Amino acid sequence: MAISKPSRKTLPLEVRGTASHPLGMSPAQFLRDYWQKRPLLIRNAFADFVPPLEPNDLAGLACEPAALARLIVHDEKRDRWHVHPGPLSEDDFAKTPSTHWTLLVQDVDKWDADVAKLLEHFNFLPSWRVDDIMISYAEAGGGVGAHVDQYDVFLLQGLGQRHWGISDDPLAPKEFRHDVELKQLAHFEPTHEWLLDPGDMLYLPPGVPHDGVAFGGPCMTFSIGMRAPSQAELTGDLADHIAEHLPEELRYADPDLKPAKATGEIDRAAIERLRTALPFAAALSDDMLRDWFGRFITRYRNAQVPAALDKPLDAASLAKQLKAGAQLLRHPWSRLAWSRGKSACTLYVSGHAYPATPSQAQQLCEQRSLDIPRKPGSDELALWLALVNDGHLLLQKSRRR
Ligand code: SIN
Ligand code: CO
């Protein structure tokens with residue numbers, strides 16, 4: 001039977017689960033209308049839910065050296081958050097205040113077969129998309145603060161009540177607080193709020209700001225979290241994988257090389273040869289390819305890297321010493337290259353990028369001991385200062401009296 005498609009406006013944010021439809025709709029409808037798209041509160045998703053684990057068992061697990069546990073205490077008056085990483089001890093629990101704390105244990109499904117059984121209710125999802133079941137126990141007022149998760153999560157209320165606030169405002173600010181080691185949002189204005197009872201479940205797609213606070217008394221929440229590798233992780237791993245399988249003899253090659261016009265420049269022809277050597281990088285822009293290659297090639301196989309100065313120099317003292325006849329020598333272990341991008345030129349030194357003009361970059365690539373003009377420009381001085389402080393240019397004081 002075909003499912004008729006409701007318009008976005010008529011999609012309810014709250015539904016009620018039944019024995020035949022725990023999600024309040026068929027899995028196909030849920031995936032089409034909510035999955036990775038919008039939040040959904042499902043009242044009674046797990047009818048007569050009895051938690052498969054007692055709070056004491058969770059506390060016991062949190063004391064296991066191999067378990068991933070955190071005890072988070074909120075000092076409400078001063079708005080300070082204290083995070084005690086596991087393994088925890090009985091003593092840690094004895095010291096907890098009467099309210100405003102929570103215990104979180106990740107991967108409980110790996111430790112407890114009854115908890116793992118809950119995953120059967122999510123069989124409509126590919127099992128490799130499921131990360132873990134994290135269980136939290138909290139006393140009244142306990143929670144982890146407002147935050148955003150990068151993955152889909154089903155927040156199933158197991159015991160007691162939890163107040164949830166979420167924001168479905170796409171323009172909601174996403175800056176973090178800098179004074180808390182938890183990645184909490186600096187600002188949070190809920191657009192929707194609910195009180196969840198045991199068996200109720202809140203589904204959140206990635207990126208929805210939310211805040212769950214234990215209401216009234218002891219509260220257990222089961223978070224069925226998904227996994228979705230970032231493009232950065234996928235790219236890194238794929239690159240390693242491809243690298244492992246490529247034969248050594250396939251290399252960067254330039255049988256068409258012409259005499260260098262500007263020493264050290266990664267020119268257009270080099271970028272074209274890179275494209276030949278990296279056919280899977282076709283989608284990358286020239287700028288990205290150039291920037292990656294500049295960093296890569298200047299740190300490639302470097303047995304040593306110059307050390308940065310313990311005490312960085314300032315621009316005024318560099319200018320003064322140069323005026324007094326000091327020399328700038330390139331560190332022998334520094335490797336350099338440069339390239340012209342669409343809008344700017346970049347100098348690469350041992351894996352790092354520095355903005356530079358073509359003539360500055362070329363001079364640094366060509367000269368081991370730099371010709372210093374009588375009056376160097378301020379941007380030239382700024383570049384040399386960065387290179388001196390990073391250890392790539394050595395300042396040799398004048399021997400003149
Ligand atoms: C909790 O259970 O306290 C936090 C779960 C979450 O917000 O992801
Ligand atoms: Co969360």
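The values are calculated or read from the model by the stated rules, or taken from the named source; none is laboratory data. For clarity, every value in this text was computed on a predicted model and none was experimentally measured. Cβ: placed from backbone, ideal geometry, glycine included. Neighbour counts: every protein chain shown. Side chains included, ligands, DNA and RNA excluded: accessible areas come from the protein's heavy atoms. Shrake-Rupley method; radii C 1.70, N 1.55, O 1.52, S 1.80 Å.
Determine whether segment 166-184 contains at least one residue that is of a type in the set (Phe, Trp, Tyr), modelled with pLDDT of 95 or more and at negative phi. Reasoning before the result, please.
So in segment 166-184, the residues of a type in the set (Phe, Trp, Tyr) come out as 176.
From the residues that got through so far, the ones that are modelled with pLDDT of 95 or more too are none.
No, segment 166-184 has no match at all.
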For Ala67, all conditions in the list (1) open to solvent by 60 Å² or more (accessible area, probe 1.4 Å); (2) within 22 Å of Val144 (Cα to Cα) hold save one; what is the number of the exception? (1)
Only one residue in Arg80, Arg43 is assigned by TED's automatic domain parsing to the domain that holds Val213, touching a His at 6+ places or on another chain (Cβ under 8 Å) and away from ligand 1 (no atom under 15 Å from the Cβ), so which one is that? Arg80
Do we find that Asp114 is open to solvent by 10 Å² or more (accessible area, probe 1.4 Å), farther than 28 Å from Gly199 by Cβ and over 24 Å from the mean Cα position of the chain (by Cα) in this structure? no
From the residues in segment 90-143 that are more than 15 Å from Ala67 (Cα to Cα), polar (S, T, N, Q) and not in a loop (DSSP other than H, G, I, E, B), which one is nearest to ligand 2 (Cβ to nearest atom)? Thr102
Among the residues in segment 257-270, are any surrounded by 15 or more Cβ atoms within 10 Å (Cβ to Cβ), small (Gly, Ala, Ser) and outside the structural domain of Pro376 (by TED's automatic domain parsing)? yes
With (1) modelled with pLDDT of 95 or more; (2) under 30 Å from Ser98 (Cβ atoms); (3) not hydroxyl-bearing (Ser, Thr, Tyr) as the list, and Arg78 as the residue in question, which single condition is left unmet? (1)
If I filter segment 146-173 down to residues being of a type in the set (Gly, Ala, Ser) and in contact with a Phe, Trp or Tyr (Cβ under 6 Å, 6 or more places away or on another chain), which single residue comes out as farthest from ligand 2 (Cβ to nearest atom)? Gly158
For Leu328, which of the numbered conditions (1) outside any strand (DSSP E or B); (2) open to solvent by less than 20 Å² (accessible area, probe 1.4 Å); (3) in the same structural domain as Leu383 (by TED's automatic domain parsing) fails to hold? (1)
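Could you check segment 157-181 and list, in sequence order, the residues that are under 30 Å from Phe49 (Cα atoms) and either hydrophobic (A, V, I, L, M, F, W, C) or not assigned by TED's automatic domain parsing to the domain that holds Ala19 (or both)? Write out each step before concluding.
First pass over segment 157-181, keeping only residues under 30 Å from Phe49 (Cα atoms): 157-168.
Within segment 157-181, Leu159, Trp164, Ile166 meet the criteria.
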Exactly one of Asp112, Asp149 is within 14 Å of Met226 (Cα to Cα) and either in contact (Cβ under 8 Å) with a residue 12 or more places away in the chain or of a type outside the set (A, V, I, L, M) (or both), and that residue is Asp149
On the basis of being closer than 29 Å to Asn56 by Cβ and surrounded by fewer than 17 Cβ atoms within 10 Å (Cβ to Cβ), does Glu181 make the cut? yes
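I'm trying to understand the selection: among the residues of segment 210-227, which are in contact with a helix residue (DSSP H, G or I) (Cβ under 9 Å, 6 or more places away or on another chain) and open to solvent by less than 60 Å² (accessible area, probe 1.4 Å)? Steps first, please.
Start the filter on segment 210-227 by keeping residues that are in contact with a helix residue (DSSP H, G or I) (Cβ under 9 Å, 6 or more places away or on another chain), which leaves 218, 220, 222, 224, 226-227.
Within segment 210-227, Met220, Phe222, Ile224, Met226 meet the criteria.
For Leu195, indicate whether it is within 12 Å of ligand 1 (Cβ to nearest atom), in the same structural domain as Gly60 (by TED's automatic domain parsing) and either in contact (Cβ under 8 Å) with a residue 12 or more places away in the chain or charged (D, E, K, R) (or both).
Details: within 12 Å of ligand 1 (Cβ to nearest atom): no; in the same structural domain as Gly60 (by TED's automatic domain parsing): yes; either in contact (Cβ under 8 Å) with a residue 12 or more places away in the chain or charged (D, E, K, R) (or both): yes.
No, not satisfied.
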Those residues of segment 151-162 which are within 11 Å of ligand 1 (Cβ to nearest atom) and open to solvent by 30 Å² or more (accessible area, probe 1.4 Å), in sequence order: Tyr151
Which condition breaks for Pro97 when tested against (1) under 21 Å from Val180 (Cα atoms); (2) loosely packed, with under 14 Cβ neighbours inside 10 Å; (3) modelled with pLDDT under 95? (3)
Matching residues in segment 194-209 - criterion: being open to solvent by 20 Å² or more (accessible area, probe 1.4 Å) and outside any strand (DSSP E or B): Asp197, Pro198, Pro206, Gly207
Counting only residues that are closer than 12 Å to Leu155 by Cβ and among the charged types (D, E, K, R), which one in segment 198-243 is nearest to ligand 1 (Cβ to nearest atom)? Asp211
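Residue by residue, here is whether (1) open to solvent by 70 Å² or more (accessible area, probe 1.4 Å); (2) modelled with pLDDT of 95 or more holds:
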{"residue": "Ala303", "(1), (2)": "yes, no"}
{"residue": "Asp314", "(1), (2)": "yes, yes"}
{"residue": "Pro373", "(1), (2)": "no, no"}
{"residue": "Pro376", "(1), (2)": "no, no"}
{"residue": "Leu393", "(1), (2)": "no, yes"}
